[in-house]
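Following: one structure in structure tokens, then a few remarks.
None of the figures in this text is laboratory data; all of them are computed from the coordinates on show. Quick caveat, the model's predicted, so the values are computed rather than measured. Here the Cβ positions follow ideal geometry from the backbone for every residue, glycine too, while neighbour counts run over all protein chains shown.
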Amino acid sequence: MKTVTIGNTMISVLTGDITAWKGDIIVNAANSGLLGGNGVDGAIHRAGGPEIMEQCKEIRKLQGGCPPGYAVITGAGNLDVKHVIHTVGPIWEGGGRGEAQTLANCYRSSLQLANEVGAHSIAFPNISTGIYGYPKSPACDVALKAVTDFLLGEPEDNRLEKIDFVCFEIDNANLYVRWLERYD
Ligand code: AR6
């Protein structure tokens, strides 16, 4: 739909259901309890089957969940990817409670974790813009700035060749396309 290349990494905007995406890693917009929910979280657990939840429960036992802005990784059950990264976005409370920083941390920590496991490709949903109520336009700015800044920092260990934003809603896809057109 729209692609921009930074260094060796291609950033693309797609529309559709992230559970149908094929590659190394999909990112889940989870909650701190890691016990599933609605939205993309529900879709990933439904499509991936019970194995993902079992592993989330193990992580809960070990570290008691996942705070906003952080990320954890599991296998992918029946999904056509190697891993699922579960990150927890901020709940929108008007913008004055560090939401932008927390949201940027979600993208950064997911990219770091993906590199730690040697992934070459990753797909992100529009974290926090559903049930957590983050307005779509500023969330798009934060997401694309976080990802492009990460790549422009030329991390030595970056192996990601493909970063896809899989937008479920067309207005999100349009925002991402427009942002990347400005970047060109
Ligand atoms: N593929 C891609 N994107 C999707 C899909 C899908 N199958 N389904 C929804 N989206 P949300 P949040 C989009 O609500 O706002 C859960 O209950 C959706 O259109 O899934 O971070 C968790 O357990 C929106 O643009 O996540 C948490 O409690 C984006 O994904 C809470 O919701 C994020 O919407 C997290 O809320």
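If you wrap the tightest convex hull around every Cα atom of the chain and split its volume per residue, you get 103 Å³. Taking the square roots of five times each eigenvalue of the Cα gyration tensor of segment 93-184, the equivalent ellipsoid has semi-axes of 22, 15, 12 Å, listed largest first. Once backbone amide H atoms are built at 1.01 Å from N, Phe168 has Gly16, Asn126 as its partners under 5 Å, excluding neighbours fewer than 5 places away on the same chain. The order of His86, His120, going from fewest to most other C-beta atoms within 10 Å of their C-beta, is His120, His86. Collect residues whose amide H, placed 1.01 Å from N in the peptide plane, falls under 5 Å from the amide H of Ala123; neighbours closer than 5 in sequence don't count. Amide H to amide H, under 5 Å and 5 or more residues apart or across chains, Ala123 pairs with Ile25, Ile26, Val27, Asp164.
Taking a 19 Å limit on the Cα-Cα distance, which of the listed pairs Lys2/Lys145; Lys22/Lys162; Lys22/Lys61; Lys22/Lys82 fall beyond it? Violating the 19 Å Cα-Cα cut-off are Lys22/Lys61. With contacts defined as alpha carbon pairs under 8 Å and 6 or more residues apart, what's the relative contact order of the chain in percent? 31 percent. Inter-label distance, Lys57 to Glu116: 2.4 nm, where each label sits 7 Å from its Cα along the C-beta direction.
In sequence order, segment 163-168 has phi-based couplings of 10, 10, 9, 9, 8, 7 Hz under the Karplus curve 6.51 cos²θ - 1.76 cosθ + 1.60, θ = phi - 60°, and Gly or Pro positions carry x. The length gained on full extension between Thr3 and Arg159, counted as 0.36 nm times the residue separation minus their Cα-Cα distance, comes to 54.4 nm.
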